[in-house]
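The next block holds one structure in the form of structure tokens; read it before the comments.
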Amino acid sequence: MSADILSRLYRLNFPDCTKEALAFLTSFISQDCPKIPGLNANTEQIIVEICQEFVLFKSARGPQKKLNAVQELHLLDMICTCFSEAPEKSKYRIFNLMFGARGDGTVNLLTKLLSLAMSVKCIPVLFCAAIWMQERDSLSPDVKGLTQRLVSDYCILYPEQSTVFTTLPSVSPLFACNLVTAATSLYSFAGADSLPPLTLVQHVSEWVYKDNTMCCESLRQAAIHSAYTTPVPGLTGWCVRGPLVCCQLREKSDSHIGQAQIDLMLSCLDKLHLALLQSLTFTASVNLSPGLISASDLAHIAQTLQVVFRPNPSKLESLACNTALERLAQILQVASCTRTYIADRGKIKEIETLAKLKLPYNRLLTMVLSNQLQSGRPYQSNTVN
């Protein structure tokens, strides 16, 4: 039957070939048959060929078929419809068939699909993409490439905040969560060369402030998908390094960031820091396992702060560094008290050494670190269930 449908599809033109291909793939994958990798080699090859030739249009047989803009939009609309109508158990298997393989062409199509899915609120596509991101890790080239394109489309090309982006967490909390995790990897806020766009910081600070559950959405999936990261370490890095980096940009005469933008950025980081503390408290209240952030994450942030901090700071820069260290201390203290972090005595000692030898003295951080080491709380190594 698979061979017959392949022959038939080659005789059809777009969009009929794609419509029939999607219907066949959905029906075939939805049957109680083994997963695609477990099929016999010939059947698996035919299924992959149908997807490549008539959905992705990446032909292995000859010249690539080029869709014009209208045809491509029609293709994306058909894919969204396919995911909306497919049985729940089959959605991610279909998604993985389409986008599981790596390649710039596939990521380009996926980016366009996600833009449409966000616009029309196609939740199944966004959820599948969120799992796809989670399984690949926020540092992978595919996820970074996808994130960079979406941020460019929604936060850089247009100066005003996008309503599509504004409502994203309410449409797909898991996708928003994993997108933020990837964005904080891409834009680490460790200097002028890794500064996140202001519009992105505005969106993210508002997302986390309005919904303290967003940061733990990937953690909720840990029981099903063991690979997960949360946005909390990256966002903590923003809140800790941000004031110092913004201060340095303010004092640079050749900075491409205006004073008004810097003020807005600092205001967003203030809101985001409060929202992170609230998120840690919320996660503890619903008894999720430790895992939002770890002592290792905090030690890494302290190390990067040491790099950002200049040996002979101005008075304003010293004040900004004090703010940074206090925020680091507050996150550590709240994460410890709520037991929402993975503790490690060695990493706490590492932060203490940095605080004594490499960073300016901060009374609050010194007290928190001393309490951590004396209380015995960081002695236990927690694991995510």
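Answer yes or no: is there a residue in region 202-209 that is open to solvent by less than 10 Å² (accessible area, probe 1.4 Å) and aliphatic (A, V, I, L, M). Checked against the condition, which is being open to solvent by less than 10 Å² (accessible area, probe 1.4 Å) and aliphatic (A, V, I, L, M), region 202-209 yields at least one hit.
GLU49 - would you say it is at negative phi and within 26 Å of the chain's Cα centre (by Cα)? The answer is no for GLU49. Here LEU157 meets the list (1) over 25 Å from VAL240 (Cα atoms); (2) in contact (Cβ under 8 Å) with a residue 24 or more places away in the chain almost entirely, failing just condition (2). Under 26 Å from LEU198 (Cβ atoms), at pLDDT 90 or above and not β-branched (Val, Ile, Thr) - does that describe any residue in region 100-113? Yes, some residue in region 100-113 is under 26 Å from LEU198 (Cβ atoms), at pLDDT 90 or above and not β-branched (Val, Ile, Thr).
Conditions tested, residue by residue: (1) touching a Lys or Arg at 6+ places or on another chain (Cβ under 7 Å); (2) farther than 24 Å from THR340 by Cα; (3) part of a helix (DSSP H, G or I).
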position	(1), (2), (3)
LEU139	no, no, no
LYS144	no, yes, yes
ASP153	no, yes, yes
GLU160	no, yes, no
PHE165	no, yes, yes
THR181	no, no, yes
PRO196	no, yes, no
THR199	no, yes, yes
VAL208	no, no, yes
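Whenever a residue of region 7-33 is among the polar types (S, T, N, Q), its partners that are open to solvent by less than 30 Å² (accessible area, probe 1.4 Å) and in a helix (DSSP H, G or I), lying with C-beta atoms within less than 8 angstrom and at least six residues away or across chains, give the pairs THR18/PHE54; THR18/LEU75; THR18/MET78; THR26/CYS82; THR26/SER90; THR26/ILE94; SER30/SER90. In region 78-104, the residues that are more than 18 Å from GLU49 (Cα to Cα) and assigned to a helix (DSSP H, G or I) reach residues that are modelled with pLDDT under 90 and open to solvent by less than 10 Å² (accessible area, probe 1.4 Å) with C-beta atoms within less than 8 angstrom, at least six apart or across chains, in these pairs: SER90/ILE29.
Here is a yes/no grid of residues against (1) under 22 Å from SER267 (Cα atoms); (2) open to solvent by 10 Å² or more (accessible area, probe 1.4 Å); (3) among the acidic types (Asp, Glu); (4) out of contact with any Cys (no Cβ under 6 Å at 6 or more places or on another chain):
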{"position": "THR111", "(1), (2), (3), (4)": "no, no, no, yes"}
{"position": "CYS128", "(1), (2), (3), (4)": "no, no, no, yes"}
{"position": "MET133", "(1), (2), (3), (4)": "no, no, no, yes"}
{"position": "LEU146", "(1), (2), (3), (4)": "no, no, no, yes"}
{"position": "ILE156", "(1), (2), (3), (4)": "yes, yes, no, yes"}
{"position": "PHE189", "(1), (2), (3), (4)": "yes, no, no, yes"}
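In region 56-80, the residue that is modelled with the highest pLDDT out of those that are among the polar types (S, T, N, Q) and in contact with a Lys or Arg (Cβ under 9 Å, 6 or more places away or on another chain) is SER59. Residues in region 174-185 that are at pLDDT 95 or above and open to solvent by 30 Å² or more (accessible area, probe 1.4 Å): none.
Can you confirm whether ALA69 is open to solvent by 70 Å² or more (accessible area, probe 1.4 Å), within 30 Å of the chain's Cα centre (by Cα) and farther than 25 Å from GLN134 by Cα?
Working: open to solvent by 70 Å² or more (accessible area, probe 1.4 Å): yes; within 30 Å of the chain's Cα centre (by Cα): yes; farther than 25 Å from GLN134 by Cα: yes.
Against the criterion (open to solvent by 70 Å² or more (accessible area, probe 1.4 Å), within 30 Å of the chain's Cα centre (by Cα) and farther than 25 Å from GLN134 by Cα), ALA69 qualifies.
In the set (1) assigned to a helix (DSSP H, G or I); (2) closer than 24 Å to ARG136 by Cα, the condition left unmet by GLU72 is number (2). Counting only helices (runs of 4 or more DSSP H) that sit wholly inside region 212-310, those with at least 2 residues that are surrounded by fewer than 24 Cβ atoms within 10 Å (Cβ to Cβ), at pLDDT below 90 and more than 20 Å from the chain's Cα centre (by Cα) are 232-251, 259-285, 295-308. Would you call ARG339 under 23 Å from LEU269 (Cα atoms) and either outside any helix (DSSP H, G or I) or modelled with pLDDT of 90 or more (or both)? So ARG339 does not fit the description; no. Would you confirm whether or not region 150-171 contains a residue that is touching an Asp or Glu at 6+ places or on another chain (Cβ under 6 Å) and modelled with pLDDT of 90 or more? Yes, the conditions are met somewhere in region 150-171. Checking every residue in region 191-198 against the condition of being at positive phi, open to solvent by 10 Å² or more (accessible area, probe 1.4 Å) and not basic (Lys, Arg) gives at least one match.
Just one of the listed residues (GLU317, GLU326) is in contact (Cβ under 8 Å) with a residue 24 or more places away in the chain and open to solvent by 30 Å² or more (accessible area, probe 1.4 Å), namely GLU326. Checking ALA355, ALA343 one by one, the residue that is open to solvent by less than 10 Å² (accessible area, probe 1.4 Å) and in contact (Cβ under 8 Å) with a residue 24 or more places away in the chain is ALA343 and no other.
The values are calculated or read from the model by the stated rules, or taken from the named source; none is laboratory data. What you see is a predicted model; the values in this text were computed from it and never measured. Cβ: placed from backbone, ideal geometry, glycine included. Neighbour counts: every protein chain shown. These area figures cover heavy atoms from the full protein model, side chains too; ligands, DNA and RNA do not enter into them. Shrake-Rupley method; radii C 1.70, N 1.55, O 1.52, S 1.80 Å.
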